[in-house]
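Q: The structure's right below; bear with me while I get my questions together.
The values are calculated or read from the model by the stated rules, or taken from the named source; none is laboratory data. Values in this document were obtained by computation on a predicted structure and should not be read as measured data. Cβ: placed from backbone, ideal geometry, glycine included. Neighbour counts: every protein chain shown. Note: areas computed on protein heavy atoms with side chains; ligands, DNA, RNA excluded. Shrake-Rupley method; radii C 1.70, N 1.55, O 1.52, S 1.80 Å.
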Amino acid sequence: LLRGAWVRSTASDAAIVIAAAANSRRARGTGEGTHEDRERDAAVAAARRRLVSRQTQSGGFGWYSAQGGENPQATLLGAFAVLEASAEGQAPLAPGAVVPPRVRELAIERLVALVRDGELQYYGRDAMDDQAMALRILASGDRPNETMREAAFARRQFASPIELAHLAMAYGRGDTQRATLALEAARRILEPRPADPTYVGDARAIALACE
């Protein structure tokens, strides 16, 4: 992941930051410390700097630069990364990898607007997955869109395992909807319906269902 991309983009840099945040949470949960790795720390800090540099004045993100203009999918990934890196109680992912509060605030506000204005509702299966991901991100940023979340829950029989898993995480841990959606996501992977795309062996779907 740290060396794999020839051209760095918001997608590759967000992946580095999100993975580092997940590793930090795992270490806290198990009581294990992450071993010092200067190359990893430098890569995470550099990815964070590149992400911040791609944030536009609107609060969104471009794929390769802020000058190239905002892209809704890049904004989705960029917002997810900065929220994951700056979650409450989250220690800095690496020296120099602190996310400025203003970057987080602008990213949340822009994602709120994208969801509200339907700018993530483009055509196709990926659009529904991205919309559910946005609802998850907003919930983690204490800006849930309950109307759209409940609408998505009501039509869950048409959702992919990826959409179901993201939507589950838009609910609190004590909500019955969260358990219902998580179990349905796992069932769709293990027992795909004849009319559905097959998600057996789909690493992304499996990882999200486990999360």
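Q: Test each condition in (1) within 19 Å of residue 74 (Cβ to Cβ); (2) open to solvent by less than 70 Å² (accessible area, probe 1.4 Å); (3) assigned to a helix (DSSP H, G or I); (4) without any contact (Cβ under 8 Å) to a residue 24 or more places away in the chain for residue 126 and report the one that comes out false.
A: (2)
Q: Please specify each residue of segment 164-181 satisfying the condition of being part of a helix (DSSP H, G or I) and farther than 17 Å from residue 206 by Cβ.
A: 176, 177, 178, 179, 180 - these are the residues of segment 164-181 that are part of a helix (DSSP H, G or I) and farther than 17 Å from residue 206 by Cβ.
Q: Next question. When the residues of segment 57-76 are narrowed to those that are open to solvent by less than 20 Å² (accessible area, probe 1.4 Å) and under 13 Å from residue 111 (Cβ atoms), which ends up farthest from the chain's Cα centre (by Cα)?
A: Let us first name the residues in segment 57-76 that are open to solvent by less than 20 Å² (accessible area, probe 1.4 Å), namely 59-62, 74-76.
Add one more test, that the residue is under 13 Å from residue 111 (Cβ atoms), and what stays is 59-61, 74-76.
Details: 59: 16, 60: 14, 61: 14, 74: 11, 75: 10, 76: 7 Å.
Out of the qualifying residues, it is 59.
Residue-wise test of (1) over 14 Å from the mean Cα position of the chain (by Cα); (2) under 26 Å from residue 200 (Cα atoms); (3) of a type in the set (Gly, Ala, Ser); (4) at pLDDT 95 or above.
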| residue | (1), (2), (3), (4) |
| --- | --- |
| 114 | yes, no, no, no |
| 119 | yes, no, no, no |
| 124 | yes, yes, yes, no |
| 153 | yes, yes, no, yes |
| 157 | yes, yes, no, no |
| 161 | yes, yes, no, no |
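Q: Hey, another quick one. Just checking, does segment 189-201 include any residue being in contact with a His (Cβ under 6 Å, 6 or more places away or on another chain) and either buried (at least 18 other Cβ atoms within 10 Å of the Cβ) or among the hydrophobic types (A, V, I, L, M, F, W, C) (or both)? Don't jump to the end; show me each part of the working.
A: Quick first cut of segment 189-201, residues in contact with a His (Cβ under 6 Å, 6 or more places away or on another chain) only: none.
Within segment 189-201, none of the residues are in contact with a His (Cβ under 6 Å, 6 or more places away or on another chain) and either buried (at least 18 other Cβ atoms within 10 Å of the Cβ) or among the hydrophobic types (A, V, I, L, M, F, W, C) (or both).
Let's see how each residue does on (1) at pLDDT 70 or above; (2) crowded, with 18+ Cβ neighbours inside 10 Å:
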site	(1), (2)
17	yes, yes
21	yes, yes
29	no, no
32	no, no
39	yes, no
43	yes, yes
46	yes, no
51	yes, yes
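Q: Next up: Can you list residue pairs whose Cβ atoms sit under 9 Å apart, with the first residue in segment 107-120 being surrounded by fewer than 23 Cβ atoms within 10 Å (Cβ to Cβ) and the second being of a type in the set (Lys, Arg)? Count only pairs 6 or more apart in sequence or on different chains.
A: 108/143; 109/143; 112/143
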